[in-house]
Amino acid sequence: MSIKIGVIGAGMIGSDHALRIKDSLKGGVINGINDINKENSKRLSKELGGVKIFEDPHALINSSEVDAILVCSIGPTHEEFVLSSIGAGKYVFCEKPLATNAVACKKIVNAEMKFGKRLVQVGFMRRYDSGYQKLKKAIESFEIGDVLMMHCAHRNSSVPESYVTEMAVSDSLVHELDAVRWLLKEDYVSAQMILAKKTKYSHEKLHDPQMLLLETESGVRIDVEFFHNCQYGYDIQCEVVGSDGIMRLPEPESLVIRKGAKKFTNIDSDWKNRFIAAYDIELQEFLDGISSENIKGPSSWDGYAAAMASDVCIKAQKTGAIEPFSIVDIPDFYI
Ligand code: ISE
């Protein structure tokens, strides 16, 4: 029997997820939609063949017509909808960030632990990307010896005016904050943010580009450039420097074109395409986790760890100083 799913947030990623459940994945059916923007709900409902629209997100969460919830609305709404889903005893897949700060994420962690079983999976899809998985396997088998440093870049060709300096951390950099911690199996001890010379393509409320310097518990140093108006495309880079060699995240597959005395490959500008295969795998894992009552994907604790890191980075954005992290032990519940 298919798992009946309610989608909150019928915008870009919410629509994509709903359509992949309908068209590409096994074991789920979209049974209800809610979006603050009625046009979005109507459009998605039509694309899904007339799915019921709920005006109230909490009515959708509590409806007997849905078994699980996808939270794909904007970040500041996540805390409320995830807590409400846990309150209703429903499985919930929440797009990143789990919530916009660590205090809010901790409330989710506490609610889930009180419920007594994992209900939440966070949308850190890079963990499902084959390139990142290859890097992780190679790190774990000491392919290049001990990891000493990492150089990462996260570039969007452009972002809307609503995208402000702090969001560059909580909405975008949060992917690296999770992926690096997952790759290295280490937490962070300090962060420093450097605001680079501002591009002429940014707007008043977004300082762009920025650079982050992180240090992990064992002393690995990571730099992340994040640049949201780079103009040329969506580009994610990750290089790992080890004691015995260097490894790079594979580039997405792309035709090599020879034309007009040039040799080139195209770079997509749409971030939704770069990790398209990973999105399919993460959501299938969520559906399978519900069927087997064993959610295995990125947890609320991972969302909390990433939010703690985000909070420190946002503080470091303001102070310009090297900001320390507090050490927090992971509860057995999440091991
Ligand atoms: C966007 O919101 C995303 O979720 C992408 O994964 C991220 O890489 C991009 O920078 C964000 O703007």
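The values are calculated or read from the model by the stated rules, or taken from the named source; none is laboratory data. Here the structure is a predicted model, which is why all the values come from computation and not from measurement. Backbone-built Cβ (ideal geometry, glycine too); neighbour counts: all protein chains shown. Ligands, DNA and RNA are excluded from the accessible area calculation, which covers all protein heavy atoms including side chains. Shrake-Rupley method; radii C 1.70, N 1.55, O 1.52, S 1.80 Å.
Cα axis of helix 38-47 to longest principal axis of the chain: angle in degrees, 0 to 90, nearest 10?
Between the helix axis and the principal axis of the chain, the angle is about 80 degrees.
Could you work out how far the C-alpha centroid of the stretch 3-46 sits from that of the stretch 229-306, in angstrom?
A separation of 23 Å, based on Cα centres.
Per the Kirkwood formula on distinct C-alpha pairs, the Rh of the chain is how many angstrom?
20.8 Å
Give the calculated FRET efficiency between Lys134 and Gln231 to the nearest 0.05, with a Förster radius of 30 Å applied to their Cβ-Cβ distance.
The calculated FRET efficiency here is 0.55.
Below 8 Å between Cα atoms, with a sequence gap of 6+, how large is the relative contact order for the stretch 1-147 in percent?
With pairs under 8 Å counted, the relative contact order is 19 percent.
Could you give the length gained on full extension between Met1 and Glu239, defined as 0.36 nm per residue of separation minus the Cα-Cα distance, in nm?
Extra length available between Met1 and Glu239 comes to 81.3 nm.
Any chance you could give the angle, 0 to 90 degrees and rounded to 10, that helix 102-115 forms with the longest Cα principal axis of the chain?
Helix 102-115 sits at roughly 50 degrees to that axis.
Using a 1.4 angstrom probe and counting only protein chains, how large is the accessible area of Ile330 in Å², to 10?
Result for Ile330: roughly 70 Å² accessible.
How long is the gain from Asp329 to Ser292 if the chain were fully straight, where each residue apart is worth 0.36 nm and the alpha carbon distance is subtracted?
In short, 10.5 nm is gained.
Can you tell me what share of the DSSP beta bridges in the chain is antiparallel? A percent to the nearest 5 is fine.
Expressed as a percentage, antiparallel bridges in the chain total about 55.
Which translational diffusion coefficient, to the nearest whole µm²/s, is obtained for the stretch 1-91 from the Stokes-Einstein equation, given a Kirkwood hydrodynamic radius over C-alpha pairs, 25 °C and 0.890 mPa s?
194 µm²/s
What does the accessible area of Ile53 come to, in Å² to the nearest 10, when a probe of 1.4 Å is used?
The accessible area of Ile53 comes to roughly 60 Å².
How far, in nm, would the chain grow between Lys205 and Arg43 when pulled straight, counting 0.36 nm per residue and subtracting the alpha carbon separation?
Between Lys205 and Arg43, full extension yields an extra 55.2 nm.
Using alpha carbons only, what's the Rg to Rh ratio of the stretch 126-247 with Rh from Kirkwood?
Rg divided by Rh gives 0.99.
List the trypsin sites (Lys or Arg not before Pro) within the stretch 76-139 that DSSP assigns to loop and that have no more than 10 neighbouring Cβ atoms inside 10 Å.
Loop-located and lightly packed - none at all.
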